[in-house]
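In what follows, a single structure is set out as structure tokens and then discussed.
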Amino acid sequence: MLKLAGIEKAYKTPGGTVPVLHGLSLEIEAGGLCAIVGPSGSGKSTLLNIIGLLDRPDSGQVFLDGETADFANAAEAARLRNRLIGFVFQSFQLLPRLTAWENVALPLLYRNVPRAERRPRALAMLERVGLADRAEHRPNQLSGGQSQRVALARALVSDPRLLLADEPTGNLDSVTAGEVLTLLRSLSQDFGVTIVIVTHDRDLATACGRRIEIRDGRIIADTRGH
Amino acid sequence: MPRPPAYGVPFGEIVREAFANLRSRGQRSGLALLGIVIGTAAIIAMLNIGHVAQLETMKQFERLGVDIIQVLGSPNGAPPGFEPALIDNLPRTIPGIVEATPYSTEQVTARANGKEASVFVMAAPAVMTARLALAPQSGRLLTDIDDCAQVGVIGAKAGAELSPRVDDLLGRQIALSGYLFTVVGVLRPTPNDAVSVARYDDAFLIPLACARRVLPSNLPTAVLVRTAADADIDAIDSELQRTLANKTTLVQTTNAKSIITTMNRQKGLLAAVLAAIGGISLLVGGIGVMNVMLMNIMERRREIGLRAAIGATPRDIQTMFLVEAAMLAAAGGIAGAILGLLISALVVKLFHWDFAVAYHLMPIGPLGSGVIGVLFGLYPAVSASRIDPIEALRAE
């Protein structure tokens, strides 16, 4: 499903070059939840950005669903993201101006899905995350848990193969975080989508079928099972 | 069932989104548009005033047409006067002349009913009234039979000064320089022409034959020449000067063509001033649009990051902001066009012209400012498309 080979990444700062990822290689099979854990500065966010084709490795390759990511072509990377990847962020990133269903439908806009078709698909997705009755609400009328569920619906509305979540429970209380986790699991099963989560949340990481621990840009542990 | 990979946002969707974005920003966008509004208003006002002025100009030639030359003799050491036979022969001696009517004019004080009025005496053959398309509101016009009779037709305004009810003057006598003339007709109120032969409303028309009684000379001092439609006006003009000139008379000609040229030159000056105001305002307006868009993009960094993450290509982002800029400016253009029309209506009212709208020129407002929007929106749009999505998503 997802394969990284020899990923190198360093950031240039005024004080010199700071290496972040050291020849990191990784393979994640289709389906299930995989957590990437590690302390701040370990490089896990950079790794997630590279998997999500938002950042460009200095060297190494990313294979997504059998395709080699072409980082040199921004438009091509955008299309690949749109087709294969759904994103969930810590701060939800809902557009305040749009209603819940319009936020959910946004990825379909970039896939040339006609408006008449976008709405029913977005509504179906909202229903799946239990927010059918909030379709016409705007983000400021939604609680944190509801916002993250809308974001999940948005991430999944375009039938991606891979869902990338960056601290998805970071802004939520523990009860709500538990609900989101339960939802992530059932969505993974229903849609057969692979979910990769970057998290500090112990409970969330433990709940994942696989945990990859990163420190100083290297994988130091890779455990499976609950 | 994987959907066939079709990408690219349809244009209708881009416009719909741009509209929603602009609406949510409301009056802040509006304020920045002031420059565009003023610029467009100046240009639309200019175009519409020009249009109305054109119509007004044409109106002044409506009655007599543009194929008229007026010849005026001015004194050259002695009272001026043209040889009547020369005038009668003009259609035969100068090619392109269709008819030539001699006449004389003089400002004279008229008395009746113990009242006085300064009238513009015009002595002309009977055919003149037909050639000037004059019509009576009561009584009759002069005829050939009047020949040397002391009769006259009075203008509506001059008549009103001599008698509270103008029509009461019919059959009454008016004293002109010691001679009594019987009023046989009253002219209908008539606007002056561009080639102004006389101020018709102040006129008193009398037969030319015995004009000597009230005018300095029996000889006509002016000629109304009508030319063929395709005639070379300038050639006829100089030919007239040459033919009619004599020792006591300087020949001065006025033709419709030169009047129109002068009018257009004046209009051109007004247009240049308004165009300069419009151009500068549009430039300022364009910078205003650029400013709004840059601010807009700063505030929507997270949105840009998100859109990039979910699949917007740099070009999609660029197009989104470009369309917003164009629509923003075009909205200003529409407002400016309306304002411009109001301004032109005011100016037109000031000149006592009849208002008209040059509908065919109105699209220039929104279209022109739309182009300004695209030009000045280009830089913000391109810089938006270059924003790094990772940093943008982190923005607060």
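Is the shape of the protein assembly as shown rounded, prolate or oblate, going by the alpha carbon gyration tensor and its root eigenvalues a ≥ b ≥ c, with a/c under 1.5 for rounded and a/b larger than b/c for prolate?
prolate
By DSSP, the beta bridges lying fully in the protein assembly as shown are antiparallel in about 70 percent of cases. Among B:ALA133, A:ILE51, B:THR227, whose Cα projects farthest towards the positive end of the dipole of the protein assembly as shown, with charges put on the beta-carbon of Lys, Arg (+1) and Asp, Glu (-1)? Checking the options against the dipole of the protein assembly as shown, the answer is A:ILE51. Residues B:MET327, B:MET122, ranked from the fewest to the most other C-beta atoms within 10 Å, line up as B:MET327, B:MET122. Compared with the dominant Cα axis of chain A, that is its longest principal axis, helix A:115-128 is turned about 80°. Within region B:76-141, none of the chymotrypsin sites (Phe, Trp or Tyr not before Pro) combine a DSSP coil assignment with at most 16 other C-beta atoms in a 10 angstrom radius. Placing R0 at 30 angstrom, the Cβ-Cβ distance between B:ALA272 and B:ALA209 gives a FRET efficiency of 0.05 after rounding to 0.05. Against the empirical 2.2 N^0.38 Å (N residues), region B:103-223 has a Cα radius of gyration ratio of 0.93. Modelled this way, with points 7 Å down the Cα-to-C-beta line, the labels at A:VAL175 and A:ILE219 are 3.8 nm from one another. Computed from the Cβ-Cβ distance with R0 of 30 Å, the FRET efficiency linking B:ASN89 to B:TYR179 stands at 0.45.
Within region B:103-223, antiparallel bridges make up roughly 70 percent of the DSSP beta bridges whose residues both belong there.
Give me the number: length gained by fully extending B:ASP232 to B:LEU378, i.e. 0.36 nm times residue separation minus the C-alpha to C-alpha distance, one decimal in nm.
That works out to 47.2 nm of additional length.
Cα centroid distance between region B:6-73 and region A:77-107, in Å? What the calculation gives is 41 Å, centre to centre.
The label-point distance for A:SER25 and A:ALA75, in a model that sets each label 7 Å from Cα toward Cβ, rounds to 3.5 nm. Compared with the dominant Cα axis of chain A, that is its longest principal axis, helix A:74-84 is turned about 60°.
Which shape class, rounded, prolate or oblate, goes with region A:108-197 when its Cα gyration tensor gives a ≥ b ≥ c as root eigenvalues, a/c under 1.5 marks rounded, and past that a/b bigger than b/c marks prolate? Oblate, because a/c is 1.5 or more while a/b does not exceed b/c.
The phi torsions of region B:100-106, fed into the Karplus equation with coefficients 6.51, -1.76 and 1.60 and a -60° offset, translate into couplings of 9, 10, x, 7, 9, 10, 6 Hz, rounded to whole numbers, with Gly and Pro shown as x. Helix B:84-93 and the long axis of chain B differ in direction by around 50°, with both axes built from C-alpha atoms.
Say R0 is 56 Å: what FRET efficiency, to the nearest 0.05, do A:ARG115 and B:MET263 get from their beta-carbon distance?
Details: r = 55 Å, r/R0 = 0.98.
Result of the calculation: an efficiency of 0.50.
When only alpha carbons are used to place a centre, region B:362-396 and region B:180-228 end up 68 Å from one another.
Per residue of peptide A:104-114, the mean number of Cβ atoms on other chains within 10 Å of the residue Cβ is 6. Look at A:SER188, B:SER369, B:SER74 and count the other Cβ atoms within 10 Å of each Cβ; fewest to most, that gives B:SER74, A:SER188, B:SER369. Dipole of chain B computed with +1 at Lys/Arg Cβ and -1 at Asp/Glu Cβ about the Cα centre; of B:GLY286, B:THR243, B:ASN48, farthest Cα towards the positive end is B:GLY286. Each principal axis of chain A carries a Cα extent, and these read 49, 39, 36 Å when sorted largest first. Across peptide B:12-19, the average count of Cβ atoms from other chains found within 10 Å of a residue's Cβ is 2.
Placing a label point 7 Å from the Cα of B:ASN218 along the Cα-to-Cβ direction, the residues of region B:130-159 with a backbone N closer than 14 Å are B:148-149.
The residues neighbouring B:LEU378, those whose beta-carbon lies less than 14 Å from its own, together hold a net charge of +1 under the Lys/Arg +1, Asp/Glu -1 convention. Measuring from centroid to centroid over Cα atoms, what is the spacing of region B:259-291 and region A:113-134 in Å? Rounded to whole Å, the Cα centres lie 53 Å apart.
Dividing the helix sum by the residues of chain A, where each DSSP H run of 4 or more adds -39500 (n - 2.57), gives a mean residue ellipticity at 222 nm of -11000 deg cm²/dmol. Taken about its Cα centre, the protein assembly as shown carries a charge dipole of roughly 960 debye when the Cβ of each Lys and Arg holds +1 and the Cβ of each Asp and Glu holds -1.
Sort A:189-199, B:162-172 by packing, meaning the average of other beta carbons within 10 Å per residue, with the highest value first.
A:189-199, B:162-172
Per-residue ellipticity at 222 nm for chain B, helices alone: DSSP H runs ≥ 4 residues times -39500 (n - 2.57), over residue total, nearest 500 deg cm²/dmol? Rounded to the nearest 500, it is -17000 deg cm²/dmol.
Read-outs: derived from the displayed coordinates by stated rules, not from any lab. Being a predicted model, the structure only gives us computed values, none of them experimental. Every residue, glycine as well, gets a Cβ built from its backbone with ideal geometry; the counts of neighbours run over all protein chains shown.
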